[in-house]
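*Asks:* Below is one structure. I have some questions about it.
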Amino acid sequence: MNIIIAGAGQVGFNLAKTLSRDNDVIVIDQNQQALAAIAETLDILPINGDIKNPLIYENILEKEIDFFLAVTNSDEANLISIIVAQDRLEVKKSILRLKNRYFGNSSLKRKFGIDSAVFAIDITSKTISNLLKYPKANNVKQFEYTDKELISIKVTKINGPVEVFPKGYEIVGIERNREFIIPAKNRIIEPGDLIYLFGDKIEIHHFCKEYASDYTSDNQNIVIFSADEMGIAIAKELLKEEKDIKIVDNDINKCKIANERLEGKVTILNSKYSTIHLYDDEGLKHADIAIAATKNDEYNIIKCLEAKERGIKKVIAINNDLEYYSLMHSLGIVVVRGPKIATVNAILENINSDDAVIKKIFCGGKGQIYMRKVYENSSLIGIHVKVLKYRDNLLTFVIRDGQIIHCDDAMICEEGDVIAVFCNEENEEEAKNWIYNLGQ
Amino acid sequence: MSYKSILKLFSLIGSTIGFFLFLDFFVAVIYNEKILNFSIFLILFFLINFLIWFFLREHKLKLGIKESILSVNLLWIMLGVVGAFPLWLYTKVSFASAFFEAISGFTTTGATVYTDIESLPHFILFHRSIMHWLGGMGIIVLGVGLLYFINPTGSLSLFKAESTGVKLEKLTPKIRDNALVLWGAYVGLTVLDLLLLKFFGMNWFDAINHAFSTISTGGFSTKNSSLGFYNNYGIFWVTTVFMVLSGVNFLAYVRLFYRDSSGFKTEEFKWYIIIFLVLSTVLTFVHSLNGTDIDSSATHSFFTIASIMTTTGFATTDYSLWSHIAVGLIFTAMLIGGNTGSTAGGIKIIRYLIIFKTLFGELKRIVHPNAHIYIFVDGKKLANSVLTSTFGFFFIYVMTNVMLALYIYARGYDAMTSVTAALALIGNIGPGFGEVGPANNFANFSDIDKIIFSLGMIIGRLEFYTVFVVLTREFWKKF
């Protein structure tokens, strides 16, 4: 596919890194240094210039562009770039990174010719809201085609290896010592494992109670470190769940803005001189959950460790830089992808999804899910489908009448079936080809 | 350092080279020449490459920057060894001489150790030309284009290590596609040249060999007196035009294919043409002062400047016998080179542009101490790293030439021979002046000299940094 990425920042770089493996990627940016850094390591075509300048697009030899991804930090630049690119090139699909919801939800979206818009801050704040429903979960993913969920749990309640016999759910991933596998037969779990479970919420709750300690702890009182856009969005989302929230920030101006935007429903604390005394003076030590949501990963890690040390049982850090992901995990911090990483994941999922198939990423991109629904008039109904060989790192299931059924040979599709393939990066191409070409 | 990856890359590139060496075999069959030893060599070469590949077939080829740089260096030495074998087996020269000839071929230098070229078997003549042609656009460029399993990141650093110019220029997102379109333009120009040479009276064999030599800006001929043998103005002018065309960035032709003429509107191209025309016209005038008619003077002068400036090294006549001013002009052409992204060697126009613009910028700064002065080429601001690397290149070019010239001088040769031989070898030009002039060759140098000269040619072809970085302690440090 021919893909243009407008913007060579962190989002643009991470998109180019993944997409340039199998596609022809052009990256456009005004920042020569950022562009040079990308071109130094990735096999892409760098174009130095303003993404809003029509002349920039004239030098591109291939005029048919499958995806135009505008991912700069500025809504205005992204919107103008898509108009200009559509005028100069044949853009089949455009995806924009936006902050202002109005552009993405109003009729402007159609007028601008935007196919998809990604609101990264919303994704992150909703993830945190979902996480609170599963107090010990590290991540929760929901799907359009099924009410089954994908939940990751850190195993802490066992002392040695234990064999699990799943019922109503499936183990679709184990991250152990930074290695990730999708187990086909061997379902032995060990203390410290991060287990990815796909299935029925209630059954997964049972698993959590059995294998994750302090599972039933409260989550009513929440402290958020950061009064900037991310902190406000998280607070707004949590207010819907009627949580008691306190926001702490050392910038008085940010505190004032947050107070206005949250209409006084949240206690905002300014920590200009010290945070430590707030644990006693403002009762932060009685919080059930601490969320460090700044743009600085090092600061988020320190705030989480500090909160842990002061007795807060669950600490969540927003992860802005993937390099800190493993470190955060190893320190016992629940990690939620920050807006930039969430944008990358959402765009990658969008590129690989269409009306028939959706793609989801988990475990920082190490795990991939492809799902396809058999609709009422689908040509798949009643036909024999040869299933991919059931093996480690490639599992195929059919969700039929609320049941997850293993597929390891052949199957006959029925109306309402949801076919799901779980795979790692190595098997992705095989899984993708199989699910897109079902019945052919 | 993953030596397995390096070995696997060697086996893959080796097989690609082996495939092209099969063409020698066909030439030998056509001309009914003895090929038993050569056949054994080819079979052994393929077998070794196949065995290496077979034992490492499960190993995932992954090349980091260090592996890529080391691979490119070792690969060019391997090319010399492989290319030398047929010469060593079939002509009466030492292995060092054969190695020199092979390196001269692959680096498109065109310096030869043979005194009687016309007595060589046809397949050896063809072997010399195919070495030029393969080396002209680059072995790695060819390998990256043909071998899809060379991983993209690895191929990027490999490509950079072998490419010439101030920075890697791409036209398509994928380096592999870039390599293929470059080879497409290269093949296209070669075919056009050979058809025109045939049209103007060359036989097919000579036309193919000279087309290979011209487009790669190599300089090996099938005749003792180079192109002078033909005494045919049609052939001279066709070759002049194609030598000049080969000194242009090949991406310009690819752009032209897509109806984009911007490749011919760059400052580098404009200065390349201006310098070529000025030097050729002045040389025509100077040469005609000796009583030569203007037709002949223009033909030989334009040919000679094109040949030297693009670092090809063909000759129509012994220009070292021309006047001192003429020699001075030709010597100037030796210092220039072609465009970045072309098959020509030398310093290259773009570097002179950057150096002069920086110098003028400094002069302007003296007059306007508060002014912000940036260096622009084709309307684009140059990064400081490009300026530093250009000045560094210039310094290292001068120093390497001085060292080699001093070595040759110490071996007892005159100053003119020493200086021009160093320039001719490191600049990948071929002939110089004095004892290495267009009517002479490198046969008289000792085997050790030839090995040193071969390394000089490789250093020049890989534009210094790729070779010298391997000699630094930093390169081998793990931390």
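The values are calculated or read from the model by the stated rules, or taken from the named source; none is laboratory data. Keep in mind the model is a prediction, meaning the values are calculated, not measured. Glycine also receives a Cβ, built like all others from the backbone with ideal geometry; neighbour counts cover every protein chain displayed.
*Asks:* When region B:424-457 is examined, which residues are found to be part of a helix (DSSP H, G or I) and surrounded by fewer than 22 Cβ atoms within 10 Å (Cβ to Cβ)?
*Replies:* B:G434, B:E435, B:D447, B:I448, B:D449, B:I451, B:I452, B:L455
*Asks:* Among the residues of region A:387-410, how many are assigned to a strand (DSSP E or B), of a type outside the set (A, V, I, L, M), modelled with pLDDT of 80 or more and within 13 Å of A:E430 (Cβ to Cβ)?
*Replies:* Residues in region A:387-410 being assigned to a strand (DSSP E or B), of a type outside the set (A, V, I, L, M), modelled with pLDDT of 80 or more and within 13 Å of A:E430 (Cβ to Cβ): 1 in total.
*Asks:* Looking only at region A:269-287, decide whether some residue is under 19 Å from A:S125 (Cβ atoms), within 27 Å of the chain's Cα centre (by Cα) and surrounded by 17 or more Cβ atoms within 10 Å (Cβ to Cβ).
*Replies:* Yes, the conditions are met somewhere in region A:269-287.
*Asks:* For B:L425, indicate whether it is out of contact with any helix residue (DSSP H, G or I) (no Cβ under 6 Å at 6 or more places or on another chain) and not aromatic (F, W, Y).
*Replies:* No: the conditions fail for B:L425.
*Asks:* Also, quick follow-up: Looking only at region A:237-248, decide whether some residue is more than 25 Å from A:K126 (Cβ to Cβ), surrounded by fewer than 17 Cβ atoms within 10 Å (Cβ to Cβ) and modelled with pLDDT under 85.
*Replies:* Checking region A:237-248: not a single residue is more than 25 Å from A:K126 (Cβ to Cβ), surrounded by fewer than 17 Cβ atoms within 10 Å (Cβ to Cβ) and modelled with pLDDT under 85.
*Asks:* Yes or no: A:L69 within 10 Å of chain B (Cβ to nearest Cβ), among the hydrophobic types (A, V, I, L, M, F, W, C) and closer than 25 Å to A:A342 by Cα?
*Replies:* Judged against the criteria, A:L69 is not a match.
*Asks:* Still on this structure, I have one more. Considering only residues that are more than 17 Å from B:A443 (Cα to Cα) and either assigned to a helix (DSSP H, G or I) or among the charged types (D, E, K, R) (or both), which ones fall in region B:106-123?
*Replies:* Residues satisfying the conditions are B:F106, B:H122, B:F123.
*Asks:* Can you pull out the strands (runs of 3 or more DSSP E) entirely within region A:154-223 that have at least 3 residues that are surrounded by 15 or more Cβ atoms within 10 Å (Cβ to Cβ)?
*Replies:* Values: elements: A:169-176, A:179-181, A:194-199.
Those strands (runs of 3 or more DSSP E) span A:169-176, A:194-199.
*Asks:* Could you check, for region A:346-361, whether at least one of its residues is without any contact (Cβ under 8 Å) to a residue 60 or more places away in the chain and over 18 Å from A:A420 (Cα atoms)?
*Replies:* no
*Asks:* Could you list, ordered by first residue, the pairs with Cβ atoms under 8 Å in which the first is in region B:369-389 and away from chain A (no Cβ under 13 Å) and among the aromatic types (F, W, Y) and the second is outside any loop (DSSP other than H, G, I, E, B) and surrounded by 13 or more Cβ atoms within 10 Å (Cβ to Cβ), at least 6 apart or interchain?
*Replies:* Pairs that qualify, where the first residue is away from chain A (no Cβ under 13 Å) and among the aromatic types (F, W, Y) and the partner is outside any loop (DSSP other than H, G, I, E, B) and surrounded by 13 or more Cβ atoms within 10 Å (Cβ to Cβ): there are none.
*Asks:* Let me ask something else. For region B:254-272: of the residues being assigned to a helix (DSSP H, G or I) and loosely packed, with under 15 Cβ neighbours inside 10 Å, which is nearest to the other protein chains (Cβ to nearest Cβ)?
*Replies:* Per the stated criteria, the residue is B:S262.
*Asks:* Now for a separate question. Which of (1) assigned to a helix (DSSP H, G or I); (2) more than 18 Å from the chain's Cα centre (by Cα); (3) not basic (K, R) is the odd one out, the single condition B:A421 does not satisfy?
*Replies:* (2)
*Asks:* Being crowded, with 20+ Cβ neighbours inside 10 Å, more than 21 Å from B:F356 (Cβ to Cβ) and within 14 Å of another protein chain (Cβ to nearest Cβ): is that true of B:L251 here? Give the derivation first.
*Replies:* Working: crowded, with 20+ Cβ neighbours inside 10 Å: yes; more than 21 Å from B:F356 (Cβ to Cβ): yes; within 14 Å of another protein chain (Cβ to nearest Cβ): yes.
Yes.
*Asks:* Additional query: Go through region A:383-424 and report how many residues are surrounded by 15 or more Cβ atoms within 10 Å (Cβ to Cβ), over 11 Å from A:T146 (Cα atoms) and not aliphatic (A, V, I, L, M).
*Replies:* 9
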